[in-house]
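The values are calculated or read from the model by the stated rules, or taken from the named source; none is laboratory data. A quick note: this is a predicted structure, and the numbers were derived from the prediction, not measured. Quick reminder, even Gly has a Cβ in these numbers, built from the backbone with ideal geometry, and neighbours come from all protein chains shown. Remember, those area values only see protein heavy atoms, side chains included, never the ligands or the DNA or RNA. Shrake-Rupley method; radii C 1.70, N 1.55, O 1.52, S 1.80 Å.
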Amino acid sequence: MDNRSYQFHGDRMSYIKHKFGKTFYVLHKSKIKNKKTPIIFLHGGPGGTHNYFLPLKGLAKDRDVYMYDQIGGGESSAINEKLWTIDTFVEELSLLIKAWKLDSFILMGASWGTTLALEYFLEKEDPRIERIIFQSPLFSTKDWEKDAVGLIKKLPKNTQKVINYCHEIEATDSKVYKQAVFDYYLRHVLRDGKLLRKKSKKPNISGGKVYEYMWGPSEFKATGTLKTYERASKLKKLKMPVLLICGEHDEATPSTVKKYHKMIKQSEFCVIKKASHSIARENPKALIKAISDFISSEVH
C-alpha cells in the first residue's frame with residue numbers, strides 16, 4: 001500500500017468530558033474535501049484500548065477515522081465499579097457521537113467491540129449508522145465458550161489438564177495457568193510471541209479490572225457479568241449492510257461467525273488467512289482490503 005497516497009492533517013488526540021468522566025480519543029483526519037462516511041472503531045475488552053486499531057489508520061485516506069479508549073480503561077478515566085455495565089458503554093458512545101457532530105457513520109467493532117456495536121444499534125436504533133463491521137464477534141457467551149472448549153481440546157494434553165483443573169479449583173492466578181493461557185493465546189489470540197509478551201507486560205490496571213469484572217480471568221470462560229450474555233437472536237434486526245470478519249485461527253471460530261452471517265439478511269462474510277483474533281496486528285493489509293472493499297461497495 002502506497003503511503004504517499006494518504007493525505008492527513010495529522011492525528012488529533014484529545015479528551016471529551018461527559019457525565020462518566022473523560023474519554024480519550026484519536027481522530028485520524030482525512031485531508032480531502034469530499035470525504036466519505038467516517039468510521040468509528042470500537043475496541044475489545046471490556047477494558048481494552050484503541051491501540052489495537054492503529055494499523056488501520058490508513059483508512060483515513062478518504063474519510064475521518066475515530067478511535068477511542070472506552071471509559072474505565074487505557075487513557076480514559078477510571079470509573080466506579082457500579083458503572084461497569086453495557087449501558088454505560090452504549091451511553092458513552094452516544095455522547096461521543098454527539099460531541100463529534102456526526103451526521104452518519106460506520107461502526108466497526110472487534111471482539112467485545114462487536115457486542116458494544118450491536119447493543120448500541122439495539123438501544124438507540126440510530127438511523128445515522130450506514131454500515132456495521134463485526135470482527136471476531138461476541139454475540140453469545142454460550143457460543144464463545146463452546147468454541148473455546150473445542151480449541152482447548154486441540155492443545156497438548158498436559159496444557160488441557162492445567163486449564164481444566166485450575167478452572168475446577170479456581171486457581172486462575174497460578175503461574176501454570178498463566179502459562180497455559182499464553183499457549184492458547186499464541187494459537188488463537190495473537191500468533192506472534194514477541195508482540196504477545198509485550199502486550200501482556202503493558203500496564204492497563206484500570207482496564208484489567210473492568211475486564212475481569214465483566215468477563216473473567218481469561219478468554220476461555222466468562223465468570224463476570226457477561227457470563228449469561230445472549231443476543232445472537234437479535235441479529236435478524238440488522239437491516240443495513242453488515243460485514244462479518246474473523247481470522248483463520250480465531251477464537252471466534254469461522255464456523256460460528258459464518259452462522260451469524262446466515263442470520264443477517266444483508267451481510268457478507270470474510271475469513272482472513274494467517275490470522276487469529278488480533279487480525280489488525282497479524283494481517284493488517286488483508287483486513288484493510290476487506291474493510292475497504294465492503295465500505296466502497298454499492299448498497300443493493
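Structure values in brief
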read-out	value
Number of positions in the stretch 256-300 that are in contact with a Phe, Trp or Tyr (Cβ under 9 Å, 6 or more places away or on another chain), within 21 Å of Thr37 (Cβ to Cβ) and part of a helix (DSSP H, G or I)	1
Considering residues of the stretch 230-247 that are under 13 Å from Glu119 (Cα atoms) and in a loop (DSSP other than H, G, I, E, B) only, the residue least open to solvent (accessible area, probe 1.4 Å)	Leu238
Qualifying residue in the stretch 205-227 (condition: touching an Asp or Glu at 6+ places or on another chain (Cβ under 9 Å), under 30 Å from Arg128 (Cα atoms), assigned to a loop (DSSP other than H, G, I, E, B) and open to solvent by 10 Å² or more (accessible area, probe 1.4 Å))	no
Count of the stretch 64-78 residues which are surrounded by fewer than 19 Cβ atoms within 10 Å (Cβ to Cβ) and hydrophobic (A, V, I, L, M, F, W, C)	1
Test result for Ser104, open to solvent by 10 Å² or more (accessible area, probe 1.4 Å), of a type in the set (Ser, Thr, Tyr) and under 27 Å from Lys209 (Cα atoms)	no
Residues of the stretch 121-165 satisfying the condition of being of a type in the set (Asp, Glu) and open to solvent by less than 90 Å² (accessible area, probe 1.4 Å)	Asp126, Glu130, Asp143, Glu145, Asp147
Pairs where the first residue, in the stretch 80-92, is at negative phi and the second is β-branched (Val, Ile, Thr) and part of a helix (DSSP H, G or I), C-beta under 8 Å, 6+ apart	Trp84/Val210; Ile86/Thr115
Filter result (closer than 20 Å to Lys194 by Cβ and either touching a residue at least 60 places away in the same chain (Cβ under 8 Å) or among the hydrophobic types (A, V, I, L, M, F, W, C) (or both)) within the stretch 275-286	Ala275, Ser276, His277, Ser278, Ile279, Ala280, Arg281, Glu282, Pro284, Lys285
Residue within the stretch 202-214 that is touching a helix residue (DSSP H, G or I) at 6+ places or on another chain (Cβ under 7 Å) and touching a residue at least 24 places away in the same chain (Cβ under 8 Å) present	yes
Contacts under 6 angstrom Cβ, first residue in the stretch 245-273 being among the polar types (S, T, N, Q), partner in a helix (DSSP H, G or I), 6 or more apart	Thr253/Asp147; Thr256/Asp143; Thr256/Asp147; Ser267/His261
Search result, residues across the stretch 257-279 that are buried (at least 22 other Cβ atoms within 10 Å of the Cβ) and either out of contact with any strand residue (DSSP E or B) (no Cβ under 7 Å at 6 or more places or on another chain) or not hydrophobic (A, V, I, L, M, F, W, C) (or both)	Tyr260, Ser276, His277, Ser278
Spans of helices (runs of 4 or more DSSP H) in the stretch 108-200 with at least 1 residues more than 23 Å from the chain's Cα centre (by Cα)	157-169, 175-188
